[in-house]
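Colleague: Below you will find the structure I want to go over with you.
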Amino acid sequence: MNSKKSEIELPKQFLKGKTILIAEDEDFNFRLLQKFLTMRGGEVIWAKNGLELLNILDEKKHLDLILMDIKMPKMNGYEATKKVKEKYPQLPIIAQTAFALFGDSEDALEAGCDDYIAKPIRFEDLTTKIKYHLKIKQT
């Protein structure tokens, strides 16, 4: 009989107590990010466009981080970022862009995003960026 236990290692709960808003119009992309973040202890809020994001910010006073899709209906990520930063300049925003190779990463930073990550998202890179912007000790 084999004495080794078969255990599934759960991700570290480094986001416990943190609230992250995901601004993303694509359901699949949101669900993927939601699962990744909640498995690490984070609370997730969904905004399907920039206008919805601004309404949520008016209702909920505390967010720790925004993951901002750039290409969204009604109000894109650039416009939404500028408006968020006017009211909440210290709130970290990480742009998610499929266009990072074409210069949109620079445009995201110019709009006020604190960082960006290219789609498809590599979760190891996302973890590093989130920990950096939330000042969580890297492990």
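Colleague: Restricting the search to segment 12-31, which residues are in contact (Cβ under 8 Å) with a residue 12 or more places away in the chain and out of contact with any Gly (no Cβ under 6 Å at 6 or more places or on another chain)? Give the derivation first.
Modeller: Filtering segment 12-31 for residues in contact (Cβ under 8 Å) with a residue 12 or more places away in the chain gives 12-26, 29-30.
Matches in segment 12-31: LYS12, PHE14, GLY17, THR19, LEU21, ILE22, ALA23, GLU24, ASP25, GLU26, ASN29, PHE30.
Colleague: Going through segment 19-77 one residue at a time, which ones are at pLDDT 95 or above and β-branched (Val, Ile, Thr)?
Modeller: THR19, ILE20, ILE22, THR38, VAL44, ILE45, ILE56, ILE66, listed by residue number.
Colleague: Taking the criterion of being in contact (Cβ under 8 Å) with a residue 40 or more places away in the chain and farther than 17 Å from LYS129 by Cβ, would at least one residue in segment 42-56 satisfy it? Step through it out loud before you land on a result.
Modeller: Going residue by residue through segment 42-56, those that are in contact (Cβ under 8 Å) with a residue 40 or more places away in the chain are none.
No.
Colleague: Check PRO89 against each of (1) touching a residue at least 24 places away in the same chain (Cβ under 8 Å); (2) out of contact with any Cys (no Cβ under 7 Å at 6 or more places or on another chain); (3) not aromatic (Phe, Trp, Tyr) and name the one condition it does not meet.
Modeller: For PRO89, the failing item is (1).
Colleague: Do we find that PHE123 is of a type outside the set (D, E, K, R), surrounded by fewer than 18 Cβ atoms within 10 Å (Cβ to Cβ) and in contact (Cβ under 8 Å) with a residue 60 or more places away in the chain in this structure?
Modeller: Working: of a type outside the set (D, E, K, R): yes; surrounded by fewer than 18 Cβ atoms within 10 Å (Cβ to Cβ): yes; in contact (Cβ under 8 Å) with a residue 60 or more places away in the chain: yes.
Judged against the criteria, PHE123 is a match.
Residues are listed down the side, and each one gets a yes or a no for (1) buried (at least 17 other Cβ atoms within 10 Å of the Cβ); (2) among the basic types (Lys, Arg):
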site: PRO73; (1), (2): no, no
site: GLU79; (1), (2): no, no
site: LYS85; (1), (2): no, yes
site: ALA111; (1), (2): yes, no
site: TYR116; (1), (2): yes, no
site: LYS135; (1), (2): no, yes
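Colleague: While we're on this one: Output the residues belonging to segment 81-98 that are in contact with a strand residue (DSSP E or B) (Cβ under 8 Å, 6 or more places away or on another chain) and either more than 22 Å from LEU15 (Cβ to Cβ) or modelled with pLDDT under 95 (or both). Walk me through how you get there before you give the answer.
Modeller: Initially, segment 81-98 is screened for residues in contact with a strand residue (DSSP E or B) (Cβ under 8 Å, 6 or more places away or on another chain), giving 81, 84-85, 91-98.
Selection gives LYS85, GLN96, THR97, ALA98.
Colleague: Given the residues ILE136, ILE56, which is the only one that is more than 14 Å from the chain's Cα centre (by Cα), part of a helix (DSSP H, G or I) and within 23 Å of LEU32 (Cα to Cα)?
Modeller: Testing whether each residue is more than 14 Å from the chain's Cα centre (by Cα), part of a helix (DSSP H, G or I) and within 23 Å of LEU32 (Cα to Cα) leaves just ILE56.
Colleague: If you don't mind, another one. Filter segment 57-71 down to residues that are touching a residue at least 12 places away in the same chain (Cβ under 8 Å) and surrounded by fewer than 17 Cβ atoms within 10 Å (Cβ to Cβ) and give me whichever is nearest to PRO89 (Cα to Cα).
Modeller: Kept after step one, since they are touching a residue at least 12 places away in the same chain (Cβ under 8 Å), are these residues of segment 57-71: 57, 60, 62-71.
Retained after the next criterion (residues that are surrounded by fewer than 17 Cβ atoms within 10 Å (Cβ to Cβ)): 60, 62, 71.
Values: LYS60: 16, HIS62: 13, LYS71: 22 Å.
The extreme case among them is HIS62.
The values are calculated or read from the model by the stated rules, or taken from the named source; none is laboratory data. Not measured: the values here are computed from a predicted model. For neighbour counting, all protein chains shown are included, and Cβ atoms are generated from backbone atoms with ideal geometry for every residue, glycine included.
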